[in-house]
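None of the figures in this text is laboratory data; all of them are computed from the coordinates on show. Fair warning: this is a prediction, and the values are worked out from it, not measured in the lab. Here Cβ is always computed from backbone atoms with ideal geometry, including for glycine, and neighbour counts include all displayed protein chains.
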Amino acid sequence: MKNILSGFCVICLFSAAGLSLENEDSLYVHYSPYLNPEYHYGVEFNPGLLLYAIDDEATVISAGFSLFPKNRKTELTVPIIFENTKDDQWFGGIYSGTSLNIGLHYRRFLTGKVGGAYTSIGIKYNYAYLRSEDDCETDFTKIVSRLGAGFGIGYRVFSDERIYWGIGIFLGSYLLGRDISDTINVSSMFTRDEMSIITIQILKVGFAF
């Protein structure tokens with residue numbers, strides 16, 4: 001009798017495990033947070049930031065390129081943000097100019113697949129060329145070139161149509177830099193004169209291929 005009960009319990013355990021796997025596979029088919037194994041590259045774009053900038057007569061392009069290695073657990077991504085404006089109000093009313101931010105991030109996904117929660121480390125290069133407006137009391141030109149490093153966390157979801165979306169935050173500090181300009185104090189929503197790096201990702205979407 002004991003052998004029969006033991007056998008019955010073992011069968012129940014295996015059945016429950018199989019049901020759990022079946023449910024997980026079913027969830028994967030209908031709503032998959034993971035990258036399809038046949039795709040190895042991705043491109044990203046943030047339409048929300050572009051539309052927000054246009055309202056202030058500025059141009060801000062936030063995009064990126066990703067490489068998904070064969071181990072299917074990590075991602076190498078190059079985020080790019082380009083900013084340009086001729087409207088001094090976008091920069092606080094005293095200057096306008098151009099800024100370019102290029103990063104290199106290494107992300108490792110905690111689920112063992114490319115999808116779900118991840119942690120990341122990376123570097124960021126920032127170049128900014130700023131100039132005073134005609135109505136500014138002080139004439140100046142400011143050129144900033146600097147390199148920083150940091151870490152981040154986030155979450156990524158992939159659809160069956162290869163479109164993906166995620167949220168995340170990257171924090172760090174500029175470690176090496178060069179400031180060729182007049183001695184002035186300027187501030188803006190992009191905090192060019194501060195040493196901290198704060199990047200929040202909310203509306204950026206991507207396409208895997």
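Things to note:
- Whole-Hz couplings from phi, Karplus 6.51/-1.76/1.60, listed for segment 198-208; x for Gly and Pro: 9, 10, 10, 10, 10, 9, 6, 10, x, 9, 8
- Sorted by Cβ density within 10 Å, fewest first, the residues S62, S196, S96: S196, S96, S62
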